[in-house]
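Data first, discussion second: the structure below is written as structure tokens.
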Amino acid sequence: MEFRLLKADEIDVRVAQVKEFGCSLLLYKDARVDMNILDTTPGIGPGNWQRRHYECKGNLFCSVGIKIDGEWVWKDDAGAESQAEKEKGEASDSFKRACVNWGIGRELYTAPFIWIPSSEISIVSKNGKATTYDKFEVTKIAYTEDRKISGLAIWRLANKDKDRKRVFVWQGGTNE
């Protein structure tokens, strides 16, 4: 079973690390994207998948089951607590990881290293550490036949200090 690749508007971007000379970004998907893909995949749909959560050795796991040829097939993974909502974040993370085991969003692991120089963003000091409150979005993404990311465009959203602007472009191994 092969799921469709993620669309640009389904991919979220978060700041991974900030230095005084720039920041690195990570790409991720949220649980709603996984649910939508499962619900809209021909042959699956809302009635042919389910999820269960359970604890094992202090870790919260999610098991995602898909009915294939009349039989339930399950794939599991553990989640990590989030900083915002501990239990909800852990449940969501375990679900997203279990969905990756099915292949949903696995292409995100082929993303290039994303570095945005300080000239393109607003970096401030907070408690003596460099940080940014800038937000980013994926506006374009392309894939190879073997489901690897081959092109990527990321824009910085407008904020009080800077206009909306493309800050990262990557095409088949080169950064612009």
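The figures follow:
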read-out: Under 16 Å from the Cα of K165 - aspartates and glutamates, other chains or at least 8 residues apart; value: E120, D134, E137, E176
read-out: All lysines inside 16 Å of K67 as judged from Cα atoms, apart from same-chain residues fewer than 8 positions distant; value: K75
read-out: The chain: angle of helix 86-102 to the longest principal axis, Cα-based, in degrees nearest 10; value: 70
read-out: W74 accessible area, assembled protein chains, probe 1.4 Å, Å²; value: 80
read-out: Gyration tensor (alpha-carbon) shape descriptor, the range 1-102, a/c threshold 1.5; value: oblate
read-out: Residue order for F113, F61, F136 - accessible surface, 1.4 angstrom probe, largest first; value: F113, F61, F136
read-out: Heavy-atom accessible area order for V124, V138, V15, largest first, 1.4 Å probe; value: V124, V15, V138
read-out: C-alpha long axis of helix 31-40 to longest principal axis of the chain, angle in °; value: 50
read-out: Accessible surface, 1.4 Å probe, highest first, among residues T41, T110; value: T110, T41
read-out: For the chain, with +1 on Lys and Arg beta carbons and -1 on Asp and Glu, the positive-most of Y54, N101, S122 along the dipole; value: S122
read-out: Computed accessible area, Y54, all protein chains, 1.4 angstrom probe, square angstrom; value: 90
read-out: From the coordinates shown, Rg and Dmax of the Cα atoms in Å corresponds to which of (1) 18.3, 58; (2) 16.0, 52; (3) 16.9, 51; value: (1)
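The values are calculated or read from the model by the stated rules, or taken from the named source; none is laboratory data. As the structure is a computational prediction, the values presented were derived from the model and not from experiment. Cβ: placed from backbone, ideal geometry, glycine included. Neighbour counts: every protein chain shown. What goes into the accessible areas is simple: the full protein's heavy atoms, side chains included, and nothing from ligands, DNA or RNA. Shrake-Rupley method; radii C 1.70, N 1.55, O 1.52, S 1.80 Å.
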